[in-house]
Ligand SMILES: Nc1nc2c(ncn2[C@@H]2O[C@H](COP(=O)(O)OP(=O)(O)OP(=O)(O)O)[C@@H](O)[C@H]2O)c(=O)[nH]1
Ligand SMILES: [Mg+2]
């Protein structure tokens, strides 16, 4: 542990601004002593206490103080929380006095980083806590809570242990190279590798569902110019977000905004309309539209004339919106075959489209695994490749080669939970947190 990791750190843990209450958090051995220097009557025990706070002759408040002793705190080390009346100036002055009393200003995410360093949580739980703070839908909240409570950690640990078992069997082959022992251990090693691979593949398959729960379903509106994409985008959002006009090629760049419907998040993306054009900027916008459509979870193709849909296949990731063409299909047929008739301007029929998107989101997230971010996914992919190599090596190469591949798989799996994290990975994860978390 470096000296800076032993410092008493302090930060304002609540949003900066006017509010009923604000909280300053201190962590590290000596937090209680530091807090005692700026309070009168704080006994440093682990119960809430109303005390006078006399930071200086001018900075005063009646506050609540709580100490967390031993490893019972969030960070796993001695900590104190001080709750003030939520004035911006008061809280800032109080923090300056606490820093004068010997604490150091915490860096972004340093409290959670200490919780990780002190073994209270693993990296996936830290990410889950970050996701809890960022969650903007019920689905995202549910998934973040499970991750913060260790669901992903448990899954990865299980795969890690299966790989350790495989490695132990492979080691037996090194120690006892007799043919009959080898044959049996090779068989067992392959079985253990297969078990680990099966679980990894299950998680990789569920990643998309997990990602959608966390980030929302990416829904891209495409279609010809003047089809009414921006009008529909605004109607779905319930706000005048994108520019609408009868001039073709109004939207040049992709515009995205979140919509929450029935507890699910949808990232709606309005795009430039498709048409032949000589304008360089418009062409770039159209290329962007095509790219966005490729990366979408669902594409909404907005058309104004029923002829524009004939002959085109509709897959489960496409919804065709017939904008202001009411006479084309009956009310009963509306919504079937992935075709929805609505009026983007008045909003008539828009609810049906939202329901359709909700159904798609439910379907795509039902098999969501516990791995839900790109870092975890990439590490599992590497582990999968290493295990596949190890499996081939069991019957074709020496036991040393098998062990080397299995060690690579273990390194990768371990990096997900933080058994052997690199400094850059840790910095990347914790820098996304706010100061005070
Ligand atoms: N009457 C009626 N007019 C609509 C409807 N939807 C769009 N419009 C009009 O059609 C014109 C084009 O609408 P936009 O939403 O800008 O079309 P867009 O598809 O975004 O067009 P680009 O950005 O150029 O690709 C505007 O004048 C809208 O007011 C509708 O449902 N009914
Ligand atoms: Mg537009």
Put a dot 7 Å past each Cα toward the Cβ at residue 40 and residue 366; how far apart are the dots in nm?
6.5 nm
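Summing -39500 (n - 2.57) over the DSSP H runs of n ≥ 4 in the chain and dividing by its residue number, what mean residue ellipticity at 222 nm do you reach, to the nearest 500 deg cm²/dmol? Mind showing how you got there, number by number?
Values: 14 runs with 208 residues, N = 437.
Here the helix-only value at 222 nm equals -15500 deg cm²/dmol.
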Please order 127, 282 by the number of other Cβ within 10 Å, starting at the fewest.
282, 127
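Checking the a/c ratio against 1.5 first, then a/b against b/c, what shape does the Cα gyration tensor give for the stretch 366-437? Don't skip to the answer; put the middle values down first.
On the way: a/c = 4.38, a/b = 1.97, b/c = 2.22.
Oblate.
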From the Cα centre of the stretch 242-320 to that of the stretch 105-152, the distance in Å is 35 Å
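Work out the FRET efficiency for residue 305 and residue 404 from their Cβ-Cβ distance, taking R0 = 56 Å, and round it to the nearest 0.05. Provide the component values of the computation, followed by the final result.
Working: r = 62 Å, r/R0 = 1.11.
The pair residue 305/residue 404 has a calculated efficiency of 0.35.
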Alpha-carbon centroid distance for the pair the stretch 43-66 / the stretch 7-27, whole angstrom:
14 Å
Where in the stretch 213-256 does the amide nitrogen come within less than 15 Å of the point 7 Å from the Cα of residue 291, taken along Cα to Cβ?
252-256
On the formula 1/(1 + (r/R0)^6), with r taken between the Cβ atoms of residue 279 and residue 18 and R0 of 51 Å, the FRET efficiency rounded to 0.05 is 0.60
Provide the gained length on full extension for the span residue 134 to residue 258, in nm with one decimal, where the gain is 0.36 nm per separating residue minus the Cα-Cα distance.
43.3 nm
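Taking the inverse of the average 1/r across all pairs of different Cα atoms in the stretch 227-279, what Kirkwood radius in Å do you get?
Values: mean 1/r = 0.0839 Å⁻¹.
Evaluated on the stretch 227-279, it is 11.9 Å.
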Zone reached by a paramagnetic label modelled 7 Å from residue 88 Cα along Cα→Cβ, restricted to the stretch 13-50 with backbone N below 12 Å, covers 16-19
Tell me whether the stretch 45-185 comes out rounded, prolate or oblate; compute the Cα gyration tensor, take square roots of the eigenvalues as a ≥ b ≥ c, and use a/c under 1.5 as the rounded threshold.
prolate
Note the full-extension length gain between residue 375 and residue 56 as 0.36 nm times their separation in residues minus their Cα-Cα distance, in nm to one decimal.
110.2 nm
Theoretical gain in end-to-end length, residue 204 to residue 168 [0.36 nm per residue, Cα-Cα removed]:
10.4 nm
Which number do you get for Rg(Cα) / (2.2 N^0.38 Å) in the chain?
1.28
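Rule-based calculations on the coordinates, nothing more; no lab input. Computed from a predicted structure; not experimentally measured. Cβ: placed from backbone, ideal geometry, glycine included. Neighbour counts: every protein chain shown.
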